[in-house]
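K.L.:
Structure in C-alpha cells, see below.
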C-alpha cells in the first residue's frame, strides 16, 4: 500500500535479552525495514543496564548492531556526551515524546545537545495522553530553551523546526523523506491560534502557538 511501511521493534533493553536485540537488528537489515526501541527514558533503566551489561543502553544497542540509519531510539532523555556521540556517529534518529515524558515525570530531552551533535530529531506520541503534534513540537522547543536558558532553542539551531521534525519522522517510519515535500495539509489561517500571523512567520507560529485545531484537513 503506498505510504505504508512495516517496521520491527524491541520495546526496550530491559524487556528483551541481548540476543534478541542482535536478532531484531539483523532481521531489520536483511529485510530493509526500520527498527525502533525505547531507551534512556528513566534513570532506573540506566542503572539496571549498567548492572547487567556494564554499559549504558545506548552502548548496548551499539554493541548489538541495533543502532544505525534505519533505527530510532524513543525518548533518549538521560544521556551522556558519549551516548550522544554514538547516536550521531551511527545516524540514529531520536524520537521525543515530550507530553508523555512530562506527564510521567521522566525528564526532558537535551535537544540542543542533540542538535549541535547532528542527531536527527523526530516527535512521537507514546502513551497518547494527547494526540497533537503541534503541542509535541512546542514542548520540544520550550524544553530546548529551558535547557540552555535561551529565547530561541531548536528554532534558532535548525531553522524550520516543523519541516525538520516532519522529514525525520518520515525517515523514522521508513518512508522517503522527499514524500514530505509532496504531502499537503490545509491550515486555517483565520483560526484563533494563527489569526494575525504574517505569512513569513508561519513556520515559527506552527511550532510556538498552533494546535491541531488549525488543520482543516
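The values are calculated or read from the model by the stated rules, or taken from the named source; none is laboratory data. Only a predicted model underlies this, so the values are computations on that prediction, with no experimental measurement involved. Counting neighbours? That spans all protein chains shown, and the Cβs are built from the backbone with ideal geometry, glycine included.
K.L.:
Test of understanding: among 5, 101, which residue is in a loop (DSSP other than H, G, I, E, B) and in contact (Cβ under 8 Å) with a residue 40 or more places away in the chain?
P.N.:
Step by step, each of 5, 101 is checked, and only 5 is in a loop (DSSP other than H, G, I, E, B) and in contact (Cβ under 8 Å) with a residue 40 or more places away in the chain.
K.L.:
Could you tell me whether residue 65 is modelled with pLDDT of 95 or more, out of contact with any strand residue (DSSP E or B) (no Cβ under 8 Å at 6 or more places or on another chain) and outside any helix (DSSP H, G or I)?
P.N.:
yes
K.L.:
Inside the range 33-45, can you point out the residues that are surrounded by 22 or more Cβ atoms within 10 Å (Cβ to Cβ) and more than 15 Å from residue 67 (Cβ to Cβ)?
P.N.:
41
K.L.:
In the range 1-15, how many residues are loosely packed, with under 13 Cβ neighbours inside 10 Å, over 27 Å from residue 105 (Cα atoms) and under 21 Å from the mean Cα position of the chain (by Cα)?
P.N.:
Number satisfying all stated conditions: 3.
K.L.:
Would a scan of the range 155-175 turn up a residue that is closer than 21 Å to residue 8 by Cα and modelled with pLDDT under 90?
P.N.:
yes
K.L.:
Just to verify a result, which residue in the range 17-32, among those that are without any contact (Cβ under 8 Å) to a residue 40 or more places away in the chain and under 13 Å from residue 64 (Cα atoms), is surrounded by the most Cβ atoms within 10 Å (Cβ to Cβ)?
P.N.:
23
K.L.:
What's the total number of residues in the range 74-84 that are at negative phi and either at pLDDT below 95 or in contact with a helix residue (DSSP H, G or I) (Cβ under 7 Å, 6 or more places away or on another chain) (or both)?
P.N.:
Summing the residues that are at negative phi and either at pLDDT below 95 or in contact with a helix residue (DSSP H, G or I) (Cβ under 7 Å, 6 or more places away or on another chain) (or both) in the range 74-84 gives 5.
K.L.:
Could you tell me how many of the residues in the range 122-149 are part of a helix (DSSP H, G or I) and under 12 Å from residue 207 (Cα atoms)?
P.N.:
10
K.L.:
Just to be sure I understand, how many residues within the range 87-105 are surrounded by fewer than 20 Cβ atoms within 10 Å (Cβ to Cβ) and either in contact with a helix residue (DSSP H, G or I) (Cβ under 7 Å, 6 or more places away or on another chain) or modelled with pLDDT under 95 (or both)?
P.N.:
Of the residues in the range 87-105, 6 are surrounded by fewer than 20 Cβ atoms within 10 Å (Cβ to Cβ) and either in contact with a helix residue (DSSP H, G or I) (Cβ under 7 Å, 6 or more places away or on another chain) or modelled with pLDDT under 95 (or both).
K.L.:
Which pairs turn up if I take residues in the range 54-70 that are on the phi > 0 side of the Ramachandran plot and in contact (Cβ under 8 Å) with a residue 24 or more places away in the chain and look for partners that are surrounded by fewer than 24 Cβ atoms within 10 Å (Cβ to Cβ) and in a loop (DSSP other than H, G, I, E, B) with beta carbon separation below 7 Å, at least 6 apart in sequence or on another chain?
P.N.:
Correct list of pairs: 68/91.
K.L.:
Out of the residues in the range 16-52 that are part of a loop (DSSP other than H, G, I, E, B) and under 24 Å from residue 114 (Cβ atoms), which is farthest from the chain's Cα centre (by Cα)?
P.N.:
Going through the qualifying residues, I end up with 42.
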